[in-house]
1. Need the failing condition index for residue B:77 against (1) more than 19 Å from residue A:68 (Cα to Cα); (2) at pLDDT below 90; (3) open to solvent by 10 Å² or more (accessible area, probe 1.4 Å); (4) among the aliphatic types (A, V, I, L, M), just the number.
2. Could you pull out the residue among A:84, A:115, A:80, A:110 that is open to solvent by less than 10 Å² (accessible area, probe 1.4 Å), assigned to a helix (DSSP H, G or I) and more than 9 Å from chain B (Cβ to nearest Cβ)?
3. Report the residue count in the stretch B:102-113 for those that are open to solvent by 80 Å² or more (accessible area, probe 1.4 Å), more than 9 Å from chain A (Cβ to nearest Cβ) and either of a type in the set (D, E, K, R) or assigned to a helix (DSSP H, G or I) (or both).
4. Out of all the residues in the stretch B:25-34, is one or more in contact with an Asp or Glu (Cβ under 7 Å, 6 or more places away or on another chain), within 10 Å of chain A (Cβ to nearest Cβ) and at negative phi?
5. When the stretch A:131-186 is examined, which residues are found to be more than 7 Å from every other protein chain (Cβ to nearest Cβ), modelled with pLDDT under 75 and part of a helix (DSSP H, G or I)?
6. Can you tell me which residue in the stretch B:22-49 is modelled with the highest pLDDT, limited to those that are open to solvent by less than 20 Å² (accessible area, probe 1.4 Å) and within 25 Å of residue B:121 (Cβ to Cβ)?
7. Search the stretch A:43-60 for residues that are over 26 Å from residue B:12 (Cα atoms) and pair each with any residue that is basic (Lys, Arg) and open to solvent by 10 Å² or more (accessible area, probe 1.4 Å) when their beta-carbon atoms are under 9 Å apart and the residues are at least 6 apart or on different chains.
8. Could you check residue A:35 against (1) under 11 Å from the mean Cα position of the chain (by Cα); (2) open to solvent by 10 Å² or more (accessible area, probe 1.4 Å); (3) facing chain B (nearest Cβ under 7 Å) and say which number it fails?
Amino acid sequence: MITISQIFITYFRVGALTLGGGLAMISVLRHELIAKRGWIGEDDFSHELAMATTLPGAMVVNFSLFSGYRLRGVPGAAAAFLGAVLPSFISIVLIAIFLFPFFTRPLAAAFLRGASATVAGLLAHTAFTMCKPMITRASHITAAIIAALIAMIPNVNPIFALILVSAAVYRMSANQNPARGRNDKP
Amino acid sequence: MTLLNLLISFLIIGAGAFGGGYSTITMIEHEIVTVHGWITSAELSDLIAIAQMTPGPIGVNAATYTGYHVAGFGGAAVATFGFTLPSIIFCFTLIRLFSRFSSLPWIAVLKKSVQPAVVGLILAAVLTYGRASITDLYAVILAAATFTALSIPNKKIHPVLLILCGGIAGIFIYGF
């Protein structure tokens, strides 16, 4: 039985320790939730991440709500959400009050530069391992690359890539299963 | 009055920021710098640097920092609340919709259909991040070493440990 405080502590630790933004947090949560604790399966993780990416707002905030809800319902979602958000809030307020000059030191910038390069490797690894099971057909690989290209055009909201490519893939899937497409669409 | 405006602005930012932290920053630039003039462009680049140097999601960091800058602790709380409230509303709406309609087969097809696009968005985010953070040969080596270390089968190295090592390596490479 996973307790509410276990959920809160797990997400809080990941939130407090992970440099490199939301996607880096997703990589670390993947390690914590799947490999280390076995709380969530590979499939559910991908599914929840897909939903979290589809919605607006911080991806890892959405993800904490979905995965927390899966673990322990509404209290689980609340614990995961607070665990993911509070470390950011606390550390930013503390920095704003006390530590601002620290960040202008060259050594801090050097630390960050090395850490960012490491995070780039971490993100590439996560994207690689996570995307493998999500994509099973050649047409899906093409769709993913097209979505990435559209999303990388400056000043274009990534939601266009999401809607456009999802609709195309949905059309293709419906065509490939004509019986399902005809009978079950509302 | 400032707090109410701050709340409304961050509700708009939270509801409109699709596709991760960098689109949040674009939204903040529009709402906070262009529309309200609460912070200047120079302060915005400070904000981005601090949001990246602090653990946690960049969007939440940016919201808290802007709120604190505009109206102190209360502002930080209001901005963070406003930024995350749309997430809470949207996520629970989606959970309810899916649990009500989960028996319909087209929902399953829809869930599967979103996946390639999601992979694409993640890929785009990784490439954008990589382009900004991999600036020289040392960075390439650090990134490649991290990828390799994580790929060792049967050996689960904690990613946070690697980030820390990367930072220490960064001090030796760039610090002196």
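The values are calculated or read from the model by the stated rules, or taken from the named source; none is laboratory data. Remember, predicted model here, so these are calculated numbers, not experimental data. We place every Cβ from the backbone using ideal geometry, glycine too, and count neighbours over all the protein chains shown. Heads up: the accessible areas ignore ligands, DNA and RNA and are worked out on the full protein's heavy atoms, side chains in. Shrake-Rupley method; radii C 1.70, N 1.55, O 1.52, S 1.80 Å.
1. (2)
2. On the way: A:84 fails: more than 9 Å from chain B (Cβ to nearest Cβ); A:115 fails: more than 9 Å from chain B (Cβ to nearest Cβ); A:110 fails: more than 9 Å from chain B (Cβ to nearest Cβ).
Every option except A:80 fails the conditions.
3. Within the stretch B:102-113, the first condition is being open to solvent by 80 Å² or more (accessible area, probe 1.4 Å), and the residues that meet it are B:103, B:112.
Applying the additional criterion that residues be more than 9 Å from chain A (Cβ to nearest Cβ) yields B:103.
Within this subset, residues satisfying the condition of being either of a type in the set (D, E, K, R) or assigned to a helix (DSSP H, G or I) (or both) are none.
Final tally of qualifying residues: 0.
4. no
5. Hits for the stretch A:131-186 are A:133, A:175, A:176, A:178, A:179, A:181, A:182, A:183.
6. Out of the qualifying residues, it is B:32.
7. That search, which allows pairs on different chains as well, returns A:44/A:70; A:45/A:30; A:47/B:111.
8. Exception for residue A:35: condition (1).
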